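One structure below.
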């Protein structure tokens, strides 16, 4: 939206007028705040108006106004009252101490700058605990309004009190019906109220929210309920009441328990549907909540809670959506209604959420047990979702999922028998995850094409989005970065049509993955930060953990001076499958002990799900080399070797680690198979350069340089020095600080200008070498295998640029002094 407005403003400028913000939903107000923050120097003027008498019970509007007031480009024109700064000065004078800016802003909004109201509201700031200024009605204000009302005749007081109950703006016809008076008498009463300063004469509105609240408080609760009931009945008798669902819902709901609960449910549901249809998901969710609370029939409550969960999902309120699904499922289970339970649990279809999958798996199993065994669309969708949940929950519990492929195939076969497009899409979605490993990359590419075709033919933007995402993931794993990048344009178009936060998150993670692979790390950081913010706002672990993982990977490439470790580690400590990533973060941050502890908790490579095996496997190889874990190196090599021509990523890609030849070369070299390692790493350089991934071409050059330095054949040292210098130059240009440090050190060592640094463990082994111990004796002393001791000694020789053990002993002696 912002980009569209900036584009439209180019050349001639643009004036954007937003009227009646008091009716805007929370999402629209957040969009306005975002627009103001990011338009920068674009030639755009935004004029937004709102009724200052209708902000009192509109928290979202008050919050947005407060945020806008803090934006430098915003100028606020007010016809009456003190400015916020002047309110703060008055509050400080009244209370005797400066008040926090947010409290001064809240008082300013509530008082509308009326100095008397400011002084009265200041009393609330002296009370213990945080003041709820939106609900405060000071006694002084109440007394002042009472004195004005007391000056009115009884007839006028009744009309004003009734009007205050009904709302800020007066509907003369409705007010006449509710009070039982004719319109002329009502108008005379309103004139009298205007003369007393209670209403604006020209537009029949209360002069201030506090005035309206005070007038409303004069009525008993029974009176307020009766007024709303009469107004609801009046509106119902008007022509075309279906055009006013929000008003009818408001009055019926406010009339309870005196009013008709069934009518309240009907109109609240209609109003919720209307709001959701206009993408006002927050408002729709709240109306569904109120309808569900009023409904007496458990089945209706289940349906309304399911609708609420759907609205919350679209608003990207994941925790709230899960809670609503859980409540709906409770009613469905109590009724033993499989269809209701199925529709509730399928609200979260396709979310693939680690924290929800175990519970969702049980709900799917229960719903399937309650449904008839015959083929049905609901049964297909449940089977498909169950296959997904078994995979995800198994991954979370570090168990090998069972029956995933069988379930997805059963769902697909049933969908094809039914020839139902909705069922088929659910089945294909499950199938895509079932083949999320490297073996299924070509099938995922075909599934994506099929989904795009369905989406375009049916004008189903969601289906088209998923199809393009699957093709993007598959092309990335195939190493076709150009092909994947070419999909960003069509993907952006469909995401903009959807206008859903989760769709925006998927676009951001794809944009970030391309920027990461190309070495545009500043751009990647921007995408990563925005994706993380979006995931946090939605409280969605299914997006939060990948977003944190992306920033963690970025930190390993650029250094954690650029990426906050706290930002990427938060919440990972209890997720066992993510311990490998935690170990990487600790290792690159220089915390070897913490890295080793996390590494010890990481699942074996054989336990990883297909969509993680390539990316996680490459990271585990790097750690296993550092920690000299030969069994893991061997297992990882055997696991990745069949996929040497693919790239290190999978379904749901957040980043690629380049050609699989890279980690295979590192593993082979660490296992002592130096010739094999050299072959893999030369291939990695060629492939990464050909597809346009300079970061991983540079990393492969460094790894090849290190391997050649260890191999020590004629010409190896000179080539290694040249490769190390090339890797350092590329790392410097790309901003890859960790690689730059390693490459410069290796280049200096090979040039004979600097000693290579040793790890703590290598220094211990060097000291044992200096004592004249053999490899076998070193192994016994250090409690390691003889082969590991041999590798340590070889690493020390390479790093220090030495040719024999005597030189190590001399180096140890020099460094002691």
**OP:** Kindly provide the set of residues from region 163-199 that are in contact with a strand residue (DSSP E or B) (Cβ under 8 Å, 6 or more places away or on another chain), outside any helix (DSSP H, G or I) and crowded, with 17+ Cβ neighbours inside 10 Å, ordered by number.
**Re:** 168, 170, 198, 199
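Yes/no matrix, rows are residues, columns are (1) crowded, with 23+ Cβ neighbours inside 10 Å; (2) closer than 28 Å to residue 686 by Cα; (3) within 22 Å of the chain's Cα centre (by Cα):
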{"residue": "428", "(1), (2), (3)": "yes, no, no"}
{"residue": "433", "(1), (2), (3)": "yes, no, yes"}
{"residue": "445", "(1), (2), (3)": "no, yes, no"}
{"residue": "452", "(1), (2), (3)": "no, no, no"}
{"residue": "460", "(1), (2), (3)": "no, no, no"}
{"residue": "465", "(1), (2), (3)": "yes, no, yes"}
{"residue": "478", "(1), (2), (3)": "no, yes, no"}
{"residue": "486", "(1), (2), (3)": "no, yes, no"}
{"residue": "500", "(1), (2), (3)": "no, no, yes"}
Original post:
Do we find that residue 766 is touching a residue at least 40 places away in the same chain (Cβ under 8 Å) and farther than 24 Å from residue 556 by Cβ in this structure?
Top reply: yes
Original post:
(1) surrounded by 19 or more Cβ atoms within 10 Å (Cβ to Cβ); (2) more than 49 Å from the chain's Cα centre (by Cα): which one isn't true of residue 151, the others all being true?
Top reply: (1)
Subject >> Unmet requirement for residue 691, which otherwise passes all of (1) in contact (Cβ under 8 Å) with a residue 60 or more places away in the chain; (2) farther than 25 Å from residue 726 by Cα >> reply: (2)
**OP:** Looking only at region 782-804, decide whether some residue is modelled with pLDDT of 85 or more and surrounded by fewer than 14 Cβ atoms within 10 Å (Cβ to Cβ).
**Re:** no
**OP:** Mind listing whichever residues of region 341-385 are farther than 17 Å from residue 542 by Cα and buried (at least 24 other Cβ atoms within 10 Å of the Cβ)?
**Re:** 341, 342, 344, 363, 364, 367, 380, 381, 382, 383, 384
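Within region 534-549, can one find any residue that is farther than 28 Å from residue 323 by Cα and surrounded by fewer than 24 Cβ atoms within 10 Å (Cβ to Cβ)? Reasoning before the result, please.
Taking region 534-549 first, the residues farther than 28 Å from residue 323 by Cα are none.
Within region 534-549 (the criterion being farther than 28 Å from residue 323 by Cα and surrounded by fewer than 24 Cβ atoms within 10 Å (Cβ to Cβ)), the answer is no, since none of the residues qualifies.
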**OP:** Working carefully through the options 686, 718, find the one that is surrounded by fewer than 17 Cβ atoms within 10 Å (Cβ to Cβ), in a helix (DSSP H, G or I) and more than 40 Å from the chain's Cα centre (by Cα).
**Re:** 718
Original post:
Is one or more of the residues making up region 236-245 crowded, with 24+ Cβ neighbours inside 10 Å and within 47 Å of the chain's Cα centre (by Cα)?
Top reply: no
Original post:
Right, residue 560: at pLDDT below 95 and either assigned to a helix (DSSP H, G or I) or on the phi < 0 side of the Ramachandran plot (or both) or not?
Top reply: yes
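Residue-by-condition table, conditions (1) within 28 Å of residue 286 (Cβ to Cβ); (2) without any contact (Cβ under 8 Å) to a residue 12 or more places away in the chain; (3) assigned to a loop (DSSP other than H, G, I, E, B):
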{"site": "22", "(1), (2), (3)": "yes, no, no"}
{"site": "40", "(1), (2), (3)": "no, yes, yes"}
{"site": "60", "(1), (2), (3)": "yes, no, no"}
{"site": "65", "(1), (2), (3)": "yes, no, no"}
{"site": "99", "(1), (2), (3)": "no, no, yes"}
{"site": "107", "(1), (2), (3)": "yes, no, no"}
{"site": "118", "(1), (2), (3)": "no, no, no"}
Original post:
If we scan region 624-632, do we find a residue that is under 22 Å from residue 544 (Cβ atoms) and assigned to a loop (DSSP other than H, G, I, E, B)?
Top reply: no
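Which is modelled with pLDDT under 80, closer than 25 Å to residue 474 by Cα and under 21 Å from the mean Cα position of the chain (by Cα), of 569, 578, 553?
Being modelled with pLDDT under 80, closer than 25 Å to residue 474 by Cα and under 21 Å from the mean Cα position of the chain (by Cα) holds for just one of 569, 578, 553, which is 578.
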Original post:
In region 670-683, which residues are buried (at least 24 other Cβ atoms within 10 Å of the Cβ) and either under 26 Å from residue 469 (Cβ atoms) or modelled with pLDDT of 95 or more (or both)?
Top reply: 677, 680, 681
Subject >> region 727-750: number of residues that are free of Cβ contacts under 8 Å to residues at least 40 places away in the same chain, within 17 Å of residue 517 (Cα to Cα) and within 34 Å of the chain's Cα centre (by Cα) >> reply: 4
Original post:
Of all the residues that make up region 72-102, how many are in contact with a helix residue (DSSP H, G or I) (Cβ under 6 Å, 6 or more places away or on another chain) and under 19 Å from residue 59 (Cα atoms)?
Top reply: 1
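The values are calculated or read from the model by the stated rules, or taken from the named source; none is laboratory data. The model shown is predicted, which means the values in this text are computed figures rather than measured ones. Positions of Cβ are generated from backbone atoms using ideal geometry, with glycine treated the same way; all protein chains shown enter the neighbour counts.
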